[in-house]
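Read-outs throughout are calculated quantities, based only on the coordinates presented, and are distinct from any laboratory measurement. The structure displayed is predicted, hence computed values, not measured ones. We place every Cβ from the backbone using ideal geometry, glycine too, and count neighbours over all the protein chains shown.
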Amino acid sequence: MYNLIIIRYGEINLKGDNKHDFIGQLIKNIDHAIADLGDFEITTVYGRIFLHAESSVIEELLRRIVKLPGIVSASPAVDFKLNKAVSDFSDEDYKKLKEKALKLFKTEVKNYPCSFKVETNRADKSFPIKSPKLNAEIGSAILTNIESEEKALQVDVHNPDHLFEIEITRGKIYLFLRRESGPGGLPVKSSGQALLMLSGGIDSPVAGWYALKRGLKIGAVYFHSPPYTSERAKEKVKELAKVLSQYGGEIKVQIPYFTEIQQQIVKKCPEKYTITIMRRMMVRIANHLAENNGQKALITGESLGQVASQTLEGIQATDDVSTLPILRPLITADKNEIIKLAKKIGSYEISIRPYEDCCTVFIPEEPVTKPILKIVRAKEEALKIESLIENSLEKMEILNLK
């Protein structure tokens, strides 16, 4: 029955003269996300986006659209065209509107007993029927018909099970019963590009999702250390990247060979400093990749105090070797909050698969938690840093995942 989706954005409305640039980017992202389903008409009216489509694809379109950053909510809807002047809205028009409203209610509502409320937004104030009257008469038409079928239905204006919404604009009336929530934020690509340091854990995919929500187009780097890390561990990371691609489009994943670097660190550096020095090497490589990719920042899943390396001193030690800003969306997040969001975005069940990544296979028994920067710098002088990085990048694998 549906013939369009009403798409709402929030934070974009706060923008100034460049507001239309953000709206344009959001429309491009929508178009890209649904391109394989067909060609669809997309219009903007009254500060919202309208996607016109056949009823058969509405639900799949909706499923994809509500994942896109920048979108606050979306509603599958039907429209009622006002072909004549609004002032000529006739009794016959009113009858047809009530019939369409009833048909929509029956299509959407299947479980009884339940309650409902009708709510009208009359954006076009020239429409002759006031909102309270329209609410009452559409509600009465629905209630009378449903009750005649001996189904338990009642009106509840305070806490209804179903909110039937009517929006009246110039030339059209829109009817809908659902508002599917989106992530909000800003459209991907509207804030630039950044490189996500993606592991197989719970945190980094969530950090990537937050970056997408702030309008960043992300790529990813994953450090692979065969034979210490398995192909299954790499496959897990590829699946996590595919999850993120549902929210931000295709993701380029770069996979440097990290085995030799870890072996040299373990061999030549004090055990308690191995994690700190490994992190510094990762950041050096990530900087090199990001700069070549045109990405202006790194993103990590670090959360303050969560593990030994994620102290203020540990963070300072990794920042020391970065020429780019390092964004840490989860820095003050509680682990339970991170897990909750991981479940919501669909990464959690993949992340908890028991495959080691390169950060977990060489963990010392007593890692330093407050590394002193001058000591860290001195200890890594035993490494041929530039040569190790060059060898790592020569063996790098590159994937484009969606």
Original post:
Rounded, prolate or oblate: which fits the range 201-345, taking a ≥ b ≥ c as square roots of the Cα gyration tensor eigenvalues, rounded meaning a/c under 1.5, else prolate when a/b beats b/c?
Top reply: rounded
**OP:** Pop out the ³J(HN,Hα) list for the range 249-260 in order, Karplus 6.51 cos²θ - 1.76 cosθ + 1.60 with θ = phi - 60°, rounded to Hz; leave Gly and Pro as x.
**Re:** x, 3, 10, 7, 10, 9, 10, x, 7, 10, 4, 4
Subject >> Residue of ASN292, ASN391, ASN121 that the Gaussian network model of the chain assigns the largest fluctuation, springs spanning Cα pairs under 10 Å >> reply: ASN292
Subject >> FRET efficiency, GLU149 to GLU260 (Cβ-Cβ, R0 56 Å, nearest 0.05) >> reply: 0.15
Original post:
Magnitude of the Cβ-charge dipole of the chain, K/R +1 and D/E -1, about the Cα centre, nearest 20 debye?
Top reply: 480
Original post:
How do CYS114, CYS269 rank when sorted from fewest to most other Cβ atoms within 10 Å of their own Cβ?
Top reply: CYS114, CYS269
Original post:
In whole Å, what is the distance between the alpha-carbon centres of the range 137-216 and the range 53-121?
Top reply: 13
Original post:
Just for the range 147-278, what percent of DSSP beta bridges are antiparallel, to the closest 5?
Top reply: 35
Original post:
In what sequence do ASP161, ASP203, ASP91 fall when counting other Cβ within 10 Å, fewest first?
Top reply: ASP91, ASP161, ASP203
**OP:** Compute the length gained on full extension between SER322 and LYS335: take 0.36 nm times their separation in residues and subtract their Cα-Cα distance, giving the result in nm to one decimal.
**Re:** 2.1 nm
**OP:** Could you list, in their original order, any pairs among LYS267/LYS343; LYS106/LYS130; LYS217/LYS272; LYS267/LYS374; LYS110/LYS133; LYS234/LYS267 whose Cα atoms are separated by more than 29 Å?
**Re:** LYS267/LYS343; LYS217/LYS272
**OP:** Match the structure shown to one of the listed values [x] 40, 23, 20; [y] 54, 20, 17; [z] 32, 31, 23 of semi-axes √(5λ) of the Cα gyration tensor in Å, computed from it, and give that label.
**Re:** [y]
Subject >> Rounded, prolate or oblate (a/c below 1.5 giving rounded, otherwise prolate when a/b exceeds b/c) for the range 160-217 by Cα gyration tensor >> reply: oblate
Subject >> Convex hull per residue volume in Å³, alpha carbons only, for the range 47-162 >> reply: 146
**OP:** Report, for the chain, the % of DSSP beta bridges that are antiparallel, rounded to 5.
**Re:** 60
Original post:
GNM, the chain, Cα, under 10 Å: largest mean-square fluctuation among LEU195, LEU104, LEU216?
Top reply: LEU104
Subject >> Spin-label pair GLU349/SER230, simplified geometry with 7 Å Cα→Cβ offset, distance in nm >> reply: 2.0
Original post:
Label-point separation (nm) for GLU119 and LYS395, each offset 7 Å from Cα along Cα-to-Cβ?
Top reply: 5.9
Subject >> Listed residue (LEU153, ILE142, PHE127) projecting farthest to the positive dipole end of the range 85-161, Cβ model >> reply: PHE127
Subject >> Area projected by the alpha carbon convex hull of the range 261-402, averaged over all directions, nm² >> reply: 9.5
Original post:
Please state the relative contact order of the chain as a whole percent: Cα pairs under 8 Å, 6+ residues apart?
Top reply: 17
Subject >> Overall form of the range 265-307 per C-alpha gyration tensor (a/c, 1.5; a/b vs b/c) >> reply: oblate
**OP:** Give, rounded to the nearest 20 debye, the magnitude of the charge dipole that the range 241-378 has about its Cα centre when Lys and Arg contribute +1 at Cβ and Asp and Glu contribute -1 at Cβ.
**Re:** 160
Original post:
For the pair LYS268 and ASN18, what calculated FRET efficiency results from E = 1/(1 + (r/R0)^6), where r is the Cβ-Cβ distance and R0 = 56 Å, to the nearest 0.05?
Top reply: 0.65
